[in-house]
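The values are calculated or read from the model by the stated rules, or taken from the named source; none is laboratory data. Everything numeric here is computed off the predicted structure, so don't read it as measured data. Backbone-built Cβ (ideal geometry, glycine too); neighbour counts: all protein chains shown.
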Amino acid sequence: METLRGSLLMVLAMAAFALEDMFIKSAAQSLPVGVILLVFGSGGMVIFAGVARALGQPLWHPGFCTRAMALRSLAEVAGRLCFTLAIALTPLSSASAILQATPLVVAAGAVVFFGEHVGWRRWLAILAGFIGVLIILRPGVSGFEPASLFAVAGTLGFAGRDLATRAAPKDMHNSQLGILGFAMLVVAGGILLAWNGVGEGASNDLPPAVWLDLTCATVIGVFAYTSLTGAMRLGEISVVAPFRYTRLVFAMVLGILVFGERPDALTLVGSAVIVGSGVFTLIRSRRS
């Protein structure tokens, strides 16, 4: 029963993440990405701080100053900054497809940093997943979008965050991790604003729809983060984790319905290769 609950929570989390991305992409049509990250991160911090207080948890944890959490924070900044730029500058469907390679990067990183054993079949699956990313990127051909490299950089950042999270102190509550994670969004937004400035899009005459986009993205983002954490703590991870790939389905549907995107054949083929290799890697991990 716990595995079923975990699987349902994972699907809910992925649907929420896809909606969060949709609202961020919509807001990015009127606001600079730096401003979006600042507002989004600040709102998430306030919500998680309220949750922590309601649960009697302190807002500060000594573990925030450990090396593992420092590395996690750096990876969070890089991942969020680059992937938000990818959402704003490229089709939602292709950016989300590239993001699905994150578990493959985590699997490879676990070998390098934690000494985990990966057999030749899983190495081939990881290699196939990276080939799927190249199919979507199509470097050297006319359909290549340089901005898609932001999605690749975001994937590497999120993988680093996930690897560093494994070393988080056991007594650190999920709400405290949420505060730290959303604080890094504020940092990422500040970096981007310092680099590019506010720009003309951040005027005070923005329509209410833009602020509604940001509000929805923040609330849904907190829900997605909480659901994902709950999913990974229920049932068998090898059964629950593959449902992460439902995010790609939700993202493609929203991209088509909301933004009029039409994923081409190479994007669909690359997506299938990434998802297939990721599921195979998880299955092999369970058998091992």
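Before moving on, here are some points about what is shown:
- The residues of region 115-149 that are over 22 Å from the mean Cα position of the chain (by Cα) and either β-branched (V, I, T) or part of a helix (DSSP H, G or I) (or both), listed by number, are V118, W120, R121, R122, W123, L124, V141.
- Of the residues making up region 145-200, those that are small (G, A, S) and at pLDDT below 85 are A164, A167, A168, G197, G199.
- In region 9-25, residue nearest to M232 (Cα to Cα) [restricted to those that are of a type outside the set (V, I, T) and surrounded by fewer than 22 Cβ atoms within 10 Å (Cβ to Cβ)]: L12
- Any chance A147 is buried (at least 17 other Cβ atoms within 10 Å of the Cβ) and either touching a helix residue (DSSP H, G or I) at 6+ places or on another chain (Cβ under 8 Å) or without any contact (Cβ under 8 Å) to a residue 60 or more places away in the chain (or both): no
- Verdict on V222 being surrounded by fewer than 18 Cβ atoms within 10 Å (Cβ to Cβ), among the β-branched types (V, I, T) and either under 15 Å from the mean Cα position of the chain (by Cα) or modelled with pLDDT of 90 or more (or both): no
- One residue stands out among those in region 46-79 that are among the basic types (K, R) and free of Cβ contacts under 8 Å to residues at least 24 places away in the same chain: the one that is surrounded by the fewest Cβ atoms within 10 Å (Cβ to Cβ), which is R67.
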